[in-house]
Structures are given as structure tokens and as C-alpha cells.
2 protein chains.
Amino acid sequence: MKLIDLKVHEFMTVLGSNEPAPGGGSAAALSATMGASLVKMVAELTKGKKKYVEFEELTHEVLVEATRLQDELLQSIDKDTEAFNEVSAVFSMPKETEEHKAARREAMQKALQGAAISPFNMMTLMVATLKVTEKAVGKSNVNAVSDLGVAALNLKAGLQGAWLNVLINLSGIKDETFVKTYREKGEALLTEGCTIADRVYEEVLKLV
Amino acid sequence: MKLIDLKVHEFMTVLGSNEPAPGGGSAAALSATMGASLVKMVAELTKGKKKYVEFEELTHEVLVEATRLQDELLQSIDKDTEAFNEVSAVFSMPKETEEHKAARREAMQKALQGAAISPFNMMTLMVATLKVTEKAVGKSNVNAVSDLGVAALNLKAGLQGAWLNVLINLSGIKDETFVKTYREKGEALLTEGCTIADRVYEEVLKLV
């Protein structure tokens, strides 16, 4: 059963249960999916409206990009829990002999790398969605301006949340080059995305 | 059909559609519900564990409070869309005579007040949940510390998002006392909650 096939209230029950997954990674992905969905909604409420005819091309672009990102972010809700489950699976590997232990260590490193890459990939999608959000500010249905603000807030929370999940997995990885690379790239995405999100929120505060 | 009875992917489709509701208000409530759910999960992963025996009473308290807030926030997802629908319903009221017009104006003011009170009530729940989140930081399962961080991020995004929805509805309300009261109370909740959320996030960043 995929998480995205659960009803909203069932998802919350599973999220709040004593199972470690789904956890913060999937929650961050879900926040960001709401962000992309709201951007899509605002474009839908803008397109074809006389008042915004000068932004018709931009609105179409926003709509296409937000729809694609909404779907990719939606898929990442389950991907993240799958990546976490790979880590959990290592705990049930045998540990009787030295070979077992070596195989376990290797499997754990591989699983942790997967569990760090998953939220990192989300971060890339989130920054892309924030860029699309910013394009729409001031150039879309003014009645839905608060929705663009909520989109930016959810994308920022998703981005920072995904980053915490990158960090917690990096903390167990021994490959220093891997750690350095993802830490640097992640920090850059975090800074870029938070800057856009804060700018959008400030802009929206002026418009509501 | 209640929103919380939709599957996660269906909710995103409805959120991203050209219907103005559900919009940012319900999305903010959903973010915060994830926050409360994650706090509950962390308490579940802490209770009964030897390592955290000294925090057993606190953990129980966190678990009870997070469970209650999770449910109240979950209900507010639908409540907000219902409040918005009351505003939409006014647009289909007759407007032929002066009496019609006066009745419309009055109904609109009442509906807008309801649509401002709904996200304001959420804000109260969100700040309460942030207080519970902070109680658990450093006193719960260390493997789930990033989940507490994601909880705080989602609650902050929910709080700021709800605030945008209070503001956009206040902007149409003529009763100055009402506007002043909710603006002041809302600003106080916003400041209080954001301060706690930022403190939790910084603390979690040190612990991951």
C-alpha cells in the first residue's frame, strides 16, 4: 500500500504511530506537494481571465511546471519511506560471523546514502517549485494571493525538513567525499530556497 | 465528502484544481496536523524505553496532548473549507432589490468573520502544539530528533499560513473592533509560535 493511497486521516494515524516510517522525510515531501498544488490552483484561477490576459503565457508556463512538480513531489512521499525502509532492513541481516558483520556494515552505508539522497533530491524539486511560485507573485489572481504565500511557507518547511533528513543520514556515513559533497550542495539549495521563500512571503504580506 | 476522507493523492488533485476551496487555509491546517502527528510519533518511540525512563512522565504528557491536538487540527482541515464555502454561498444570494443587497452585505460580513475566526482558531491550536513540541526536545528518542524539527517547521508554516488567511479575510471586514481584536491577538500568537518554532529548529540542528 502506497502512502499516497491512504486517506488523509489514515496517513496522519500512520505518521503518528510508533513506526519510525513514515516520518519527517515523507512529511516534508507532503508539505512541498501541497505547495506545488497551491501554485497550480492559483494558475488555474488565473488562466483565461480577462484581468490577467497580459500574464497568459506566464500563467500557462507556471501551470505546466507546477503540475509536473506536484506529481514528482507526490511520488517522493513514498520514495522517502522506501529509502528509510532500506535502512531498517539492514537491522534484520545476520550478524554472527565477521563476513556477516562486514556485509551488514556495507549494506548500512549503502542504505544510509540512499536515505540521504532521497531528501536531497526532494530539495532540488522544492527549490524548483519555489522559483515557479515566485514567478506567479503579483502576476496572478489577486483573490488567491494568500494561497501563493501558503505555498511558499509549505515549500520552505519542506526544504528545511528535507535538509534535517539529509543531515541525520549523513551523520552515519563514513565516505567523507560523499558527506562533503551532499553537505555543500544541500546547504546551497537550502540558502537559495529559503531566500526565495522569505521574499515571496514578504511580498504576499504586502498584498493581502 | 470530507477532505480528510480523500486519499492523499486525491486531496492534492482537489487542492490543485480550479476550485478556490480547499485552499491555503486547509493546507495550513494539514501542515500543522502533520506536526502534531510527528510529535505523537516521537513520544510513541520514546515511551517505555529504558534509556528515557527519567522522562517517562513528560513523555506520557506529550503523548496525550499531541494526540488531542492532532485530532483537533485534523478536524480544522474541513472546518476551514466549510467556513470558506459560507463566503462563496453569499455570491449566489439574490441582489435584485435594496433589501436583497442589504441582506447580502450582512451575510457577507458574517461569513467573512467566520472565515477569519477559522484560521485564528487554528493558530491557537498550532501554538499549543509548538509548546508540546518544545517540551519533547532533548528529552525523547534521539533517533527521531529530526522528526521533532520537521514538526516545528510544519507547525510554523501552518501558523504563518493561517495568519495569511486571517489577514485576507479581515481585509474585507468592516467592523473595526473585530478587525483590531483579531489582528492584535493573531499577531501575538504569530510571534509567540514563531519564536518557539525557531528555537526548536535551532536546537534540533545542534542535535542531528
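Please treat every number below as a calculation from the coordinates, not as lab data. The structure presented is a predicted model; accordingly, all values stated were derived computationally and were not measured. Heads up, the Cβs are rebuilt from the backbone with ideal geometry, glycines too, and the neighbour counts pull from every protein chain shown.
Taken together, A:Leu15, A:Leu30, A:Leu6, A:Leu38 contain a single residue that is aliphatic (A, V, I, L, M) and over 30 Å from A:Ala89 (Cα atoms), which is A:Leu38. Yes or no: B:Lys156 among the basic types (Lys, Arg) and within 12 Å of another protein chain (Cβ to nearest Cβ)? Yes, satisfied.
Can you find, within the stretch B:77-92, the residue that is nearest to the chain's Cα centre (by Cα) among those that are part of a helix (DSSP H, G or I) and among the polar types (S, T, N, Q)? Applying the filter and picking the extreme gives B:Thr81.
The single condition from (1) buried (at least 19 other Cβ atoms within 10 Å of the Cβ); (2) of a type outside the set (Phe, Trp, Tyr); (3) more than 30 Å from B:Lys139 (Cα to Cα); (4) more than 9 Å from chain A (Cβ to nearest Cβ) that B:Ile4 fails is (4).
Just wondering, is there one or more residues in the stretch A:178-199 that are more than 13 Å from every other protein chain (Cβ to nearest Cβ), surrounded by fewer than 24 Cβ atoms within 10 Å (Cβ to Cβ), among the β-branched types (Val, Ile, Thr) and within 25 Å of B:Leu167 (Cα to Cα)? Yes, the stretch A:178-199 has at least one match.
The requirement of being under 24 Å from A:Asn154 (Cα atoms), free of Cβ contacts under 8 Å to residues at least 60 places away in the same chain and at the interface with another protein chain (Cβ under 9 Å from one of its Cβ atoms) is fulfilled nowhere in the stretch B:43-55; no residue meets it.
For the stretch A:159-177, residues that are within 12 Å of another protein chain (Cβ to nearest Cβ) and in a helix (DSSP H, G or I) total 12. Applying the set (1) small (Gly, Ala, Ser); (2) within 29 Å of A:Met41 (Cβ to Cβ); (3) part of a helix (DSSP H, G or I) to A:Ser140 leaves exactly one unmet item: (3). Quick check: anything in the stretch A:46-62 outside any helix (DSSP H, G or I) and touching a helix residue (DSSP H, G or I) at 6+ places or on another chain (Cβ under 7 Å)? Yes: one or more hits.
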